[in-house]
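Here is the structure we will look at.
Taken together, the values in this text are just the output of simple stated rules run on the coordinates, not laboratory data. Small disclaimer: the values here were computed from a predicted structure and weren't measured. All Cβ positions, even for glycine, are placed from backbone atoms using ideal geometry, and neighbour counts span all protein chains on display.
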Amino acid sequence: MRRIVFSVLALAGLAAPAHAAGDADAGKALFSQKCGICHAPVEGQNKIGPSLWGVVGRKAGTLLTYTYSDAMKNANRTWDQATLDDYLIAPRQKIPGVKMIFAGLPEESDRQNVIAYLATLK
Ligand code: HEC
């Protein structure tokens, strides 16, 4: 009995952080691999895509130093956990007309990890 209680507690302990949010370290590696060609995680540094410094909390398409598509300018959403998760599944289907040529991240854990990393860019 004692052993069962212990295992349940151990499992709960392990599961809690993963459930609460993604893993920012794993997200950083994934960012370098999947997003880094087009996005810098650095303030003011635009590449093919806009800088993603401070993207969490930013209104879509509003970085003044970057030239967005009309689709992104008119997306009328603020980037947060939910809107990023939705967008990153399949960017060009979620906001038709955006010029981000990226198929998307179909794995929920990948999206959560990348979003956890994006949230550290501030
Ligand atoms: C092939 C280049 C490319 C790749 C790869 C790419 N993006 Fe983008 N991204 C863009 C471009 C270009 C835009 C601007 C879209 C527009 O204006 O229509 C953009 C826009 C965005 C925006 C909106 C930013 C804003 O200021 O509103 C987010 C968020 C974003 N990308 C996240 C990501 C993430 C996270 C990844 C990796 C999982 C990624 N992108 C991979 C090119 C890319």
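Worth pointing out:
- Added length on full extension, which subtracts the Cα-Cα distance from 0.36 nm per residue, SER69 to VAL42: 7.6 nm
- For segment 22-118, the relative contact order works out to 35 percent when only alpha carbon pairs closer than 8 Å and six or more residues apart are counted.
- Figure legend: label point modelled 7 angstrom from the Cα of ALA21 along Cα→Cβ; residues of segment 78-104 with amide N under 13 Å from it are 81-82.
- Potential lengthening of the chain between GLN81 and LYS99 amounts to 4.3 nm, from the contour at 0.36 nm per residue minus the alpha-carbon distance.
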